[in-house]
Amino acid sequence: MSKLITTIPAPAVLTAFTTAINTALTPLNPFKINLTDEEKKGTRSMAEGREGYARLISRIANQFPNSLSRADVPSELANFLDYYNSLEANKMALMQAMETIEEIQLGAATDVMTLVDRYTINLQVSRGNEGSLDLAMGEVDQWNKRFAHKTEPATEIPADL
């Protein structure tokens, strides 16, 4: 199997990306909120598919402001909906970046394990000829005993059944 990652960027590229993301988040710090678990569970929020309903109520409220209580200002709901929409655009951009990073990381992890498997086979073959390699591979043996995927041995069905 060929490698999925053909070029590894310089560490400065990854550091610059991390710095750019952190810098991009800085302007949102004054607006950041931290909800408690109770607030996350116990509040009624605009669930998926309810934005259209909220926008309809906003349009009606803006058309009939005199039907609301005096304390209500219909533009407040419209402003929150616009804000929500802007945040959704930010969220989509971050999700796209996250997907890109996850796929690159999966490719790198796949390449890592491809090389690990190949190196392990070669080292296992060579360990019989070199005592210090055999000793070093003892740690690999211990690792495999502890963490290797354990499966039940297959039971053979006698041919005469």
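The values are calculated or read from the model by the stated rules, or taken from the named source; none is laboratory data. Because the structure is predicted, anything quoted here is derived from the model rather than measured. Here the Cβ positions follow ideal geometry from the backbone for every residue, glycine too, while neighbour counts run over all protein chains shown. With ligands, DNA and RNA removed, areas are computed over all heavy atoms of the protein, side chains included. Shrake-Rupley method; radii C 1.70, N 1.55, O 1.52, S 1.80 Å.
Quick notes on this one:
- Inside the range 97-151, residues that are within 30 Å of the chain's Cα centre (by Cα) and either over 30 Å from T7 (Cα atoms) or of a type in the set (K, R) (or both) make up a count of 9.
- Here R59 meets each of (1) modelled with pLDDT of 95 or more; (2) in contact with a Ser or Thr (Cβ under 9 Å, 6 or more places away or on another chain) with one exception, condition (2).
- Of the residues making up the range 8-20, none is at pLDDT below 90 and open to solvent by 80 Å² or more (accessible area, probe 1.4 Å).
- Pairs are defined by a Cβ separation below 8 Å, a sequence spacing of at least 6 or placement on different chains, a first member in the range 92-114 that is over 25 Å from A148 (Cα atoms), and a second member that is part of a helix (DSSP H, G or I) and modelled with pLDDT under 95; the pairs so defined are A97/I21.
- The number of residues in the range 41-95 that are outside any loop (DSSP other than H, G, I, E, B), more than 19 Å from F31 (Cβ to Cβ), open to solvent by 90 Å² or more (accessible area, probe 1.4 Å) and touching a helix residue (DSSP H, G or I) at 6+ places or on another chain (Cβ under 9 Å) comes to 3.
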